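S.K.: Before anything else, here's the structure in question.
The values are calculated or read from the model by the stated rules, or taken from the named source; none is laboratory data. If you're wondering where the values come from, they're calculated on a predicted model, not measured in any experiment. So basically every Cβ, Gly included, is an ideal-geometry build from the backbone, and we count neighbours across all protein chains shown.
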Ligand code: F0G
């Protein structure tokens, strides 16, 4: 059959409240034209993030009831630990309340002034945690990955030559570790090939550097490897994941993505001494090492989610449903990051509205219009999120101006996605009407969360 159906039935539902266009106009103004500041109940289709927004399975909910809430040595911890070890082979597994807590712990130990941490592209919280420690976050994405229109299999790959040059120029003593983010969220949810992980590993070996994987969407990445990389077509998702993690010394994870839970994360590694230091910070900031900022029930749900994410039927549906939305948009001429990635569609706002200069944040303008038109919440991933100011106060724009529509896992059906396509296409057809915006408030760090905007006159 050609139709790929959702590989689940729906057992519990949540109503969606509908709003009118004129209601949405007021809601937007009250929220300072920042979708992050809109109340969730005023959203029709919420594609702000795929993080913590998954629908849990009946077995995960059963695990919630069955979780062992013992302070120390909980049975749920051991189930969770066993599952993480099975998939990653890492020796030490440290639960945290979410991904950035794992980052905070890791970089408070390895990061400090004068240090540099390369990645294909650091996610914003990773960058923020590195910079907060005083260290520098460096992005070394391959050139194709920066061009939304280029169609290539592994646009998330790190530029291995640039990595080598960077290490030579910086001095290996200033680099505590190298990271790779799979899939590359900030660069379109594009996958990283196994070959690239191996090549980065080889460079790390040459210079004696540890390699850490930011593994939030590891299973989606493994599915792309299976489909696109030679030699992996007959391998199970589990064995692809195991191979990928075998090249790494450690990992950070937000379980809110590919562990299909609403909260949770972990840090895992092979170095005993580093693990001990991480656990010491964990005890101060998160909790005892067998729960680390989570309830036993959360650990149970993560363990179950990690089992479910390896299901190829699920991954097939997941990746195809993102591609389905992409195909509809491409057919209508809407410019987007191609090919479609694992968890989201990324509209290319620079091409979408070329009449809005980057200083007037075209991505924000598109995100505002999507809400105004159909109550769809999307997220700017461009110069609002990543823009910096130079010494003269001039905006140094981000590499790309994208608008992300992230698809929550197992939440929306095909008709929801059809509706989203309709909204985007209508906004695109009226794109000359879009106006640029200016910031009226911004916080010193991670400004996109709380910024407020007004339209440029
Ligand atoms: N790394 C990557 C690649 C991420 O995408 C995220 C979160 C994190 C780390 C941090 O994890 O949220 O559990 O603290 N990404 C979310 C998103 C927020 O919308 O893409 P967290």
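S.K.: Can you say whether residue 411 is free of Cβ contacts under 8 Å to residues at least 60 places away in the same chain and either part of a helix (DSSP H, G or I) or within 16 Å of the ligand (Cβ to nearest atom) (or both), as far as the supplied structure shows?
M.R.: Considered against the rule, which asks whether it is free of Cβ contacts under 8 Å to residues at least 60 places away in the same chain and either part of a helix (DSSP H, G or I) or within 16 Å of the ligand (Cβ to nearest atom) (or both), residue 411 comes out as no.
S.K.: Check every one of the helices (runs of 4 or more DSSP H) wholly within segment 345-407 and list those with 2 or more residues that are within 16 Å of the ligand (Cβ to nearest atom).
M.R.: Answer list for segment 345-407: 362-374, 383-386.
S.K.: Just to verify a result, which residue in segment 138-151, among those that are part of a loop (DSSP other than H, G, I, E, B) and in contact (Cβ under 8 Å) with a residue 12 or more places away in the chain, is farthest from residue 337 (Cα to Cα)?
M.R.: Per the criteria, the residue is 140.
S.K.: Continuing with this model, one more query. Return the total of residues in segment 110-132 being outside any loop (DSSP other than H, G, I, E, B) and either more than 12 Å from the ligand (Cβ to nearest atom) or more than 17 Å from residue 162 (Cα to Cα) (or both).
M.R.: Here the count works out to 13.
S.K.: When segment 11-38 is examined, which residues are found to be surrounded by 10 or more Cβ atoms within 10 Å (Cβ to Cβ) and outside any helix (DSSP H, G or I)?
M.R.: 16, 17, 19, 31, 32, 33, 34, 38
S.K.: Hey, residue 261 hits all of (1) more than 27 Å from residue 130 (Cα to Cα); (2) surrounded by 19 or more Cβ atoms within 10 Å (Cβ to Cβ) but one; which does it fall short on?
M.R.: (1)
S.K.: Could you list, in sequence order, all residues of segment 86-134 that are over 19 Å from residue 273 (Cβ atoms), over 22 Å from the mean Cα position of the chain (by Cα) and in contact (Cβ under 8 Å) with a residue 60 or more places away in the chain?
M.R.: Those that are over 19 Å from residue 273 (Cβ atoms), over 22 Å from the mean Cα position of the chain (by Cα) and in contact (Cβ under 8 Å) with a residue 60 or more places away in the chain: 86, 114.
S.K.: Do the conditions hold for residue 73, that is, is it part of a loop (DSSP other than H, G, I, E, B) and touching a residue at least 24 places away in the same chain (Cβ under 8 Å)?
M.R.: yes
S.K.: Right, here's the next one. Take residue 247 and decide whether it is assigned by TED's automatic domain parsing to the domain that holds residue 298, in contact with a strand residue (DSSP E or B) (Cβ under 8 Å, 6 or more places away or on another chain) and more than 13 Å from the ligand (Cβ to nearest atom).
M.R.: yes
Residues checked against (1) more than 16 Å from the ligand (Cβ to nearest atom); (2) touching a strand residue (DSSP E or B) at 6+ places or on another chain (Cβ under 9 Å); (3) modelled with pLDDT of 95 or more:
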| residue | (1), (2), (3) |
| --- | --- |
| 237 | yes, no, yes |
| 252 | no, yes, yes |
| 262 | no, no, yes |
| 268 | no, yes, yes |
| 275 | yes, yes, yes |
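S.K.: Can you name the number of the only condition in (1) surrounded by 24 or more Cβ atoms within 10 Å (Cβ to Cβ); (2) within 16 Å of the ligand (Cβ to nearest atom); (3) closer than 29 Å to residue 10 by Cβ that residue 76 fails?
M.R.: It is condition (2) that residue 76 fails.
S.K.: Going through segment 238-282 one residue at a time, which ones are assigned to a loop (DSSP other than H, G, I, E, B) and out of contact with any helix residue (DSSP H, G or I) (no Cβ under 9 Å at 6 or more places or on another chain)?
M.R.: The answer is 270, 271.
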